[in-house]
Each structure stands twice: as C-alpha cells, then as structure tokens.
Amino acid sequence: MTNGDNSVNPGGLAALKNVSRFLVLMETLINRGVHLPGLGVFHGFSGYGKTYASLYATNKKGALRLEVGDSWNKKTFLQKLLIEAGAKPGRMTIADLTEEAIMVLGDDYTRPLIIDEADKLADKGMLELVREIQEHSQVPVLLIGEEQLPNKLMKVERVHNRVLEWVPAEPCDIDDARALANLFCPHLDIDDDLLDFLVDKAQGRARRIVVNLNKMLEYARNSREASFDAGSFDGGWFYTGEPPRRIARRVA
C-alpha cells in the first residue's frame, strides 16, 4: 500500500539508495584534503540507476556532466567538456583544448565533473587525458561505468593510483521500488508484496522497475482500477528484459 515516504525531490527524481551512495562519493571528493587524489569511480551493472544517480547529483550540486558518445575522440571530448563548462572552444589543437579545459575548470575547482559512460574513454585510451585535466585543475572527477570499469582502470597505473574511492552501485530493494512508485504512480495503491515481487522479477534493475510501473499505470488507466497486490497479475505479465519467445505454429 502507499505510505508517507518523502523520497521524491521537487526536481522530479527519486532519492534511491544508489543516489545516496553517489552523493556521498561526490561529497568525499569535494571535501578531500589537498594531498589526496581527486578521482572517484561509481560502477555497476546496466540498469542499476547509475545515470539516474548522476542526473540527481547534477541537479542538486550544480555539477558539470558529460555522457561520452561512441563516436567521440579526444578532440570531441574536450570540445564537449568546454561547452558544458560554458566556454566556446575555437579551432585549437588537442593540447590547446586541454590547457583551456584545465583553466576553465580550475576557476571553480570545487565544482564536480561527472563523466558517464567512462568505459568508452578506457576503451579508446583516453583515461590519461582525464587524469591530466583532473590533476592540473584539481576538480573532483566522478567516473561512471559498467561493472568492469575498475578492471579497465587498473590497467592504466597512473590513473588507477589516483582513484580516491571506488563505490559499487547496488540492485534496488523494496524501499527503492516504493520511492519509484511514489514518483511515477502516485495515485496507485500498490501493496508491498507486489513491489517485492516486482523487484525480484526486475533483478533489482531500476530501469526495469520503472518500465513495469509504467505498465501498471497504463493498465490502471484502461481498467479504471487503482489498487494492486501480488495477485493482480500473473508472473508472465511483468517485463524482465527477455524478448518474447516465438510461438511455433503448425502448417497444415
């Protein structure tokens, strides 16, 4: 059933436990001593809400945020970084763009820089560029990536040695599911047993939980029902991420 949980912020994002973990990591980097490294790593399986946590933190702390694209090279990364920081990159070499990024970020070295999809930087040999920018500007840099990101970072010793904290994203629990339900389905009465079942079917992945909550919302609109428990749907009704199996048909 619904409760009085107030875990939704005015910006329209739910404060899930992974959001809290990410914010603690960010605060640790911001308030670190001058002699400590300034890289933090937030890693975990797809669907755990890592990007969601970074968006929440960006809104709350006014951080800079980049989501690395598949097609990016060093120059693209630097240009996008400068644009995100409010600068207008001209026709400069990679070295000049790097120097410009260091100067712009260094103007407010307490403002965090969040880099999502950091695996792509590792795969393209661009981690040293991030290290150079962080080291000379002293801004807190948070790298977000998949579960194997720490292993990729460990292959680049000069980057690996500058990581202050490693924080794994965890699967959602029933409290997280309740916070998401309060955000996306505030007018539905959803029992805890159904949310617990939903978390299990979604394997704790926030993205799949949200998809299923949206399915419930659509069902509620069509059926004009507003109260659901574990017996309201059969197990095959829920979205699990698996594609449907084709039904074999006999040809006469």
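The values are calculated or read from the model by the stated rules, or taken from the named source; none is laboratory data. Computed from a prediction, not measured in an experiment: that's the story for all the values here. Here the Cβ is made from the backbone with ideal geometry for all residues, glycine too, and neighbour counts use every protein chain on show. Just so you know, the surface numbers come from the protein's heavy atoms only, side chains and all, with ligands and any DNA or RNA stripped out. Shrake-Rupley method; radii C 1.70, N 1.55, O 1.52, S 1.80 Å.
Quick notes on this one:
- Meets criteria (open to solvent by less than 50 Å² (accessible area, probe 1.4 Å), under 29 Å from E170 (Cβ atoms), touching a residue at least 40 places away in the same chain (Cβ under 8 Å) and not in a loop (DSSP other than H, G, I, E, B)) for G40: yes
- Failed criterion for N59 (all others in (1) open to solvent by 70 Å² or more (accessible area, probe 1.4 Å); (2) in contact with a helix residue (DSSP H, G or I) (Cβ under 9 Å, 6 or more places away or on another chain); (3) part of a helix (DSSP H, G or I); (4) not small (G, A, S) hold): (2)
- Test result for V139, open to solvent by less than 30 Å² (accessible area, probe 1.4 Å), touching a residue at least 60 places away in the same chain (Cβ under 8 Å) and farther than 26 Å from R205 by Cβ: yes
- Complete set of residues in the range 176-221 that are of a type in the set (K, R) and under 17 Å from the mean Cα position of the chain (by Cα): R205, R207, R208
- Residue under evaluation K152, criteria (1) assigned to a helix (DSSP H, G or I); (2) open to solvent by less than 20 Å² (accessible area, probe 1.4 Å); (3) closer than 27 Å to F45 by Cα; (4) of a type outside the set (S, T, N, Q), criterion not met: (2)
- Cβ-Cβ contacts under 8 Å between residues 6 or more apart (or on different chains), taken from a first residue in the range 92-105 that is open to solvent by less than 70 Å² (accessible area, probe 1.4 Å) to a second residue that is among the β-branched types (V, I, T) and part of a helix (DSSP H, G or I), are listed as T98/I133; A101/I133; I102/I133; L105/I133.
- With respect to the conditions (1) within 30 Å of L194 (Cα to Cα); (2) in contact with a helix residue (DSSP H, G or I) (Cβ under 6 Å, 6 or more places away or on another chain); (3) at pLDDT 95 or above, R21 lacks only one, and its number is (2).
- From the options R221, R208, R158, residue that is open to solvent by less than 60 Å² (accessible area, probe 1.4 Å) and part of a helix (DSSP H, G or I): R208
- Residue list for the range 73-88, restricted to those being open to solvent by 40 Å² or more (accessible area, probe 1.4 Å) and either farther than 19 Å from T110 by Cα or touching a Gly at 6+ places or on another chain (Cβ under 8 Å) (or both): N73, K74, K75, Q79, K80, K88
- Enumeration of residues in the range 86-105 that are at pLDDT below 95 and under 27 Å from E27 (Cβ atoms): G86, A87
- Filtering the range 184-205 to residues that are open to solvent by less than 40 Å² (accessible area, probe 1.4 Å) and assigned to a helix (DSSP H, G or I) leaves L194, L195, L198, V199.
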